[in-house]
1. Cut-off 10 angstrom, C-alpha nodes, Gaussian network model of chain A. Which of A:VAL194, A:VAL185, A:VAL156 fluctuates the most?
2. Count, for each residue of A:12-18, the Cβ atoms from other chains sitting within 10 Å of its Cβ, then give me the mean as a whole number.
3. Give the ranking of A:ASP110, B:ASP65, B:ASP81 by solvent-accessible surface, highest area first, calculated with a 1.4 Å probe.
4. Which of the aspartates and glutamates could a cross-linker bridge to A:LYS30, judged by Cα under 14 Å and excluding same-chain residues fewer than eight apart?
5. What are the distances, in nm and sorted shortest first, from the label point of B:TYR201 to the label points of the same position in each other copy, with each label point placed 7 Å from Cα along the Cα-to-Cβ direction?
6. Distances in nm, one decimal, shortest first, from A:LYS26 to the same residue in every other copy, taking the label point 7 angstrom along Cα→Cβ.
7. Given B:LEU11, B:VAL32, B:ALA42, which one lies farthest toward the positive end of the charge dipole of region B:1-49, if we put +1 on the Cβ of every Lys and Arg and -1 on the Cβ of every Asp and Glu?
8. Tell me the label-point distance for the pair A:ILE13, A:ARG107, using the 7 Å Cα-to-Cβ offset, in nm and rounded to one decimal.
There are 2 protein chains.
Amino acid sequence: MNKSNLLALLLVIALFITTYKLVEMKNELKEVSQSATTKKEAVLSVIQSRKSVRNYTDKLVSKEDLNTIMRAGMAAPSGHDTRPWQFIAITDRGTMLELRKELEWARGLDGSPAAIVVCGDMSKVDKRNPEFWITDTSAATQNILLAIEAMGLGGVWSTLYPGDERMQHARKILNLPDHIMPMCVIPLGYPTGVEKAKDKYNADDIHWEKW
Amino acid sequence: MNKSNLLALLLVIALFITTYKLVEMKNELKEVSQSATTKKEAVLSVIQSRKSVRNYTDKLVSKEDLNTIMRAGMAAPSGHDTRPWQFIAITDRGTMLELRKELEWARGLDGSPAAIVVCGDMSKVDKRNPEFWITDTSAATQNILLAIEAMGLGGVWSTLYPGDERMQHARKILNLPDHIMPMCVIPLGYPTGVEKAKDKYNADDIHWEKW
């Protein structure tokens, strides 16, 4: 083999390698582009995939994740921007079971590794519209449920308000002062996967311009 | 130039081209990977970037987008899964201005290309807990506000409930039957960009285990 032939051989090998790499990278690019998602797609899909999750694995939820979830709650809008809420994160199973005792519907608490209680704070409300705590904490709760879903966790809105007995019970277990109104408890954890989202779209609920 | 040299030259050119393509694709891959976002990141960031937007450009909101937004509202949780809501999409400026007349706080309606009115439907509520329409439609409203933000639009929760006069006015303008409870009107459109999201995180609102 003379020098020229050797050079040609080496060049062919180099060309083969770069072409192979090129094909490989093209496939990778295709894959990344397909899994990439826009904010719009991600948010609309998480809104639709959110479901009430009452069955959890044993995996614990980190304090950091609980903090992120409560931060999402605080980003909700509120009337007169009063932000009339307080959040209690519970990881103690004993407290969750105590809460569960008088909450007929809060079945998620039976085995949840964590729970967040969303409360209204009547010391922060605007006196013109004290009832805004109800809609404001409901919006905060929905933010929390969507954050939970987006983080690969599952949770369920378990009602405390309205219901004097339920609220009184939660007050007692959690040492809530009188100006703190327990809105709901959200048991949460890593879902076992048994619950599936429902398609709740109903064209009859949509009206154009007027009723 | 003999044949061998010519071959070597061609191979060098081919090698140069493929290497160039390889570098180009590597940069593209890097860019796509960086702009790609996980569902978690996207949802948490939209929850934080949502803001009350009252200033809009002239660009119209399509019927398809309004439908997508109302679909997001219907994906909210509801007590006893009764889904006690109805939605009215308004694109007629006349109706918006009529609504605005007796709504002191609904400044967004002054120039919004569209609005969505979220209502409770008392014919669908569970008799054990009729008040759930309030928390359920609040959750639906928050879904709508997040969908709006994620779609590059802006909107603002403008209250109708609570407030007998506000609700009566909306009933009249929109021909609502007695069992339909107007919760809020959400003026929306493409934001001019003057409103910025606030960081509302407040560590004092977080409690661990008990109060």
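The values are calculated or read from the model by the stated rules, or taken from the named source; none is laboratory data. Owing to the predicted nature of the structure, the values given are computational and were not obtained by experimental measurement. Heads up, the Cβs are rebuilt from the backbone with ideal geometry, glycines too, and the neighbour counts pull from every protein chain shown. Heavy atoms of the whole protein, side chains included, go into the accessibility calculation; ligands, DNA and RNA do not. Shrake-Rupley method; radii C 1.70, N 1.55, O 1.52, S 1.80 Å.
1. Fluctuation is largest for A:VAL194.
2. Details: counts 5, 1, 6, 9, 2, 2, 9.
Partner Cβ neighbours, averaged per residue: 5.
3. Values: A:ASP110 80, B:ASP65 30, B:ASP81 55 Å².
I get A:ASP110, B:ASP81, B:ASP65, largest accessible area first.
4. Straight-distance partners of A:LYS30: B:GLU28, B:GLU31.
5. Relative to the other copies, B:TYR201 has label-point distances of 3.6 nm.
6. Counterpart label points of A:LYS26 in the remaining copies fall at 1.9 nm.
7. Sorting the options by dipole projection puts first B:LEU11.
8. Calculated label separation equals 6.8 nm.
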